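A short write-up of the structure that comes next.
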Amino acid sequence: MTEKELASRIDHTLLKPEASGEEIERVIAEARRLGFASVCVQPVHAARVRAGLAGSGVRTCCVIGFPHGANRPTVKAIEATAACKDGCDEIDVVGFLPALVARDVYAVKAELMEVVRGARAANPRIVVKVIVESAVIVAGNRGAEEAAIADACRAVRESGADFIKTSTGYHPAGGASVEVVGWMKKYADGLLVKASGGIRDLATARAMLDAGADRLGLSAGVAILSELAGGSASTGAVGY
C-alpha cells in the first residue's frame, strides 16, 4: 500500500474539546498536503474546515452526539442537520449505548432513522457513519459477542446509514479490535466499516484494513504515513 492509498482510507481526526483554531488549521493543511479521506472534527469547527478544504477533494466530517450518545434522537437530528448546513459531507453519530448493549434492534434503528432523515433532508448525499462503541457491546454480551455485533450491524443497516464504526476512542472499555472489525465485515451486508479507537501505528492500521475496515479514524495519520515512508513510528496522539 502506498502512502497515497493509505491516506485515502483515513479520516484525519481532531476531537479533543480544547482544540484551538491553530490546531484546526494545522489538520486542514495536513489533510490538503497528504490527501486524507476527510478531516473529522467537533461540529463547532465544521464550517471552518469546509472553507479550508475547498477545492482539495478532502471531505468535511464531524461527530454527532459525541462522545456519549446520550442525547435525545431529536437533538441528534437537529445537530446533524446543522452540520449538513455547515457543509459537512459526512457525519459520525454515536448510537444510544444502552439499546445497543441490550441488542434492541428496533430501538437503535428507530433512533438512527430520525437522525438519518434529518440529515438527508438537509443534504441528500450526506454519508452517515454510526459509532456503536463495540467494546462496550462486547463487554455487555459475554458469550454472545459476535451475535451482538451482528445485531448492531442489522440496526445500523436498516436505519439507512452507510457505515458502522467501532468506537469513539474516548470510552474506557476500549477502542477497535481486529476481531470485532472482522465480525462487522462479516455481517455488514452492504454497510461499510470504519475502525477507530487506539489505532496509533502502522501495524495496527494495516491489521484493521486486513480485517475488513474500509475507513480508519485516527489522530496519528501523519505519523503513520511517516512510518510507512520509513520515518519514525512515534506519535503523540492521544484519545482517538
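With the condition kept exactly as written, say whether any residue in the stretch 42-64 is without any contact (Cβ under 8 Å) to a residue 60 or more places away in the chain and farther than 30 Å from GLU30 by Cβ. Looking for residues that are without any contact (Cβ under 8 Å) to a residue 60 or more places away in the chain and farther than 30 Å from GLU30 by Cβ, one finds none in the stretch 42-64, hence no. Looking only at residues of the stretch 128-151 that are without any contact (Cβ under 8 Å) to a residue 60 or more places away in the chain and within 15 Å of the chain's Cα centre (by Cα), we find that the one that is nearest to ALA46 (Cα to Cα) is VAL128. For the stretch 28-64, a residue qualifies if it is touching a Ser or Thr at 6+ places or on another chain (Cβ under 9 Å), among the aliphatic types (A, V, I, L, M) and under 17 Å from LEU6 (Cα atoms), and the qualifying residues are ALA31, ALA37, VAL39, VAL58.
Can you say whether LEU34 is under 25 Å from ILE164 (Cβ atoms) and either touching a helix residue (DSSP H, G or I) at 6+ places or on another chain (Cβ under 7 Å) or touching a residue at least 12 places away in the same chain (Cβ under 8 Å) (or both), as far as the supplied structure shows? Answer is no for this residue. Residues satisfying the criterion are present in the stretch 221-232 (criterion: over 14 Å from the mean Cα position of the chain (by Cα), over 19 Å from VAL101 (Cα atoms), of a type in the set (Ser, Thr, Tyr) and at pLDDT below 95). Scanning the stretch 1-18 for residues that are small (Gly, Ala, Ser) and either crowded, with 19+ Cβ neighbours inside 10 Å or more than 19 Å from ARG200 (Cα to Cα) (or both) turns up just one, ALA7.
The values are calculated or read from the model by the stated rules, or taken from the named source; none is laboratory data. None of these values were measured; they are calculated from a predicted model. Cβ: placed from backbone, ideal geometry, glycine included. Neighbour counts: every protein chain shown.
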